[in-house]
Amino acid sequence: MKFKYQFNNETVEIDVTDNWGAILFDFDRQEKNNNQTEKRRHCSLNALDQDDNLLPSSGDFSKAFAEKEKIIFFLEQLLPRQRYLLEQVHMHGRPLSEIAAEEGVSVAAISQALKRAEKAFKKIYNPTV
């Protein structure tokens with residue numbers, strides 16, 4: 001069995017027995033799988049910092065916490081169902097279909113209720129105040 005290895009400037013081909021070939025093939029497969037797993041696991045912190053409030057790069061965390069407290073205060077002003085929908089979808093990432101099945105209503109009904117909740121939140125929340 002022939003096995004190829006590629007380096008920066010050359011490719012080396014070696015002859016190995018079938019037993020060693022199976023072992024080398026398995027090692028290469030495991031290495032490839034490990035590298036793919038590592039690619040999926042890593043996420044840039046810059047990707048999380050979409051609105052400059054999640055991970056302030058300046059180190060001013062008090063501003064981020066104050067903003068979070070403000071959001072929680074305004075969420076408490078909403079109706080319980082509106083607050084529940086906003087928390088489940090935006091904070092916990094639950095799909096609308098799951099919430100609809102739980103409540104025994106259509107996805108369209110949950111979608112409309114969520115839009116009304118978002119509209120109500122935007123109406124009372126003013127980030128410039």
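The phi torsions of segment 82-97, fed into the Karplus equation with coefficients 6.51, -1.76 and 1.60 and a -60° offset, translate into couplings of 5, 4, 4, 4, 4, 5, 5, 7, 8, 9, 9, x, 6, x, 4, 4 Hz, rounded to whole numbers, with Gly and Pro shown as x. Summing charges over all other residues whose Cβ lies under 12 Å from the Cβ of E13, with Lys and Arg as +1 and Asp and Glu as -1, gives 0. With the Cα gyration tensor of segment 75-129 giving a ≥ b ≥ c as the square roots of its eigenvalues, does the rule (a/c under 1.5 for rounded; else a/b larger than b/c for prolate; else oblate) give rounded, prolate or oblate? Taking the square roots of the gyration eigenvalues as a ≥ b ≥ c, segment 75-129 is prolate. Straightening the chain between D18 and K122 buys 30.7 nm, computed as 0.36 nm per residue apart minus the Cα-Cα spacing.
Taken together, the values in this text are just the output of simple stated rules run on the coordinates, not laboratory data. Not measured: the values here are computed from a predicted model. Every residue, glycine among them, receives a Cβ derived from its backbone with ideal geometry; neighbour counts consider all protein chains shown.
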